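Everything on this sheet refers to the single structure shown next.
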Amino acid sequence: CPTAADLRPANGTRLCAQLYTDNSPYYDQCCAGDVLMVPPGSDVPYMPRGWSGRTSSLVVGTRCELTVWSGKAKKGKSRRFGA
């Protein structure tokens, strides 16, 4: 997985988080599959099409916090992730 400080795509724009669809009990095989990039300041009450229930790994950038909810439209239990 990339480190929190590594969340910068090729064009240099900072990202707050990257979510991945594939995970593994072996660390070197984590953070694989499809990638959803979360830019700073994002407020997304619904996951993009095809992403609901698929995230298995994530990395949160420095000076960022990612809050996720168990239900759609920011309902249900929430959990916060940081770098």
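Phi-derived couplings, Karplus 6.51 cos²θ - 1.76 cosθ + 1.60 at θ = phi - 60°, listed residue by residue for region 67-83: 10, 10, 10, 7, x, 6, 6, 6, 10, x, 6, 10, 8, 10, 10, x, 4 Hz, with x used for Gly and Pro. Using the Cβ-Cβ distance between W51 and N11 with R0 = 30 Å, the FRET efficiency computed as 1/(1 + (r/R0)^6) comes to roughly 0.85.
Could you tell me what percent of the accessible area of the chain is made up of carbon and sulfur, with a 1.4 Å probe and every protein chain present? Solvent-exposed carbon and sulfur of the chain make up 50 percent of the total.
Peptides 73-82, 15-24 ranked from most to least packed by the mean count of surrounding Cβ atoms within 10 Å: 15-24, 73-82.
Looking at the chain, the accessible area is 71 square angstrom per residue; that uses a 1.4 Å probe and ignores ligands, DNA and RNA. Note on the chain: dipole from Cβ charges, positive end direction compared against G71, G50, C30; the farthest Cα belongs to G71. Look at [x] -0.54; [y] -0.59; [z] -0.81: the one that is log10 I(q)/I(0) by the Debye sum over Cα atoms at q = 0.15 Å⁻¹ derived from this structure is [x].
The values are calculated or read from the model by the stated rules, or taken from the named source; none is laboratory data. Since we're looking at a predicted model, the values are computed, not measured. Ideal geometry is used to build each Cβ from the backbone, glycine not excepted, and the neighbour counts take in all protein chains shown. Areas reflect the complete protein model, heavy atoms only, side chains present, ligands, DNA and RNA absent. Shrake-Rupley method; radii C 1.70, N 1.55, O 1.52, S 1.80 Å.
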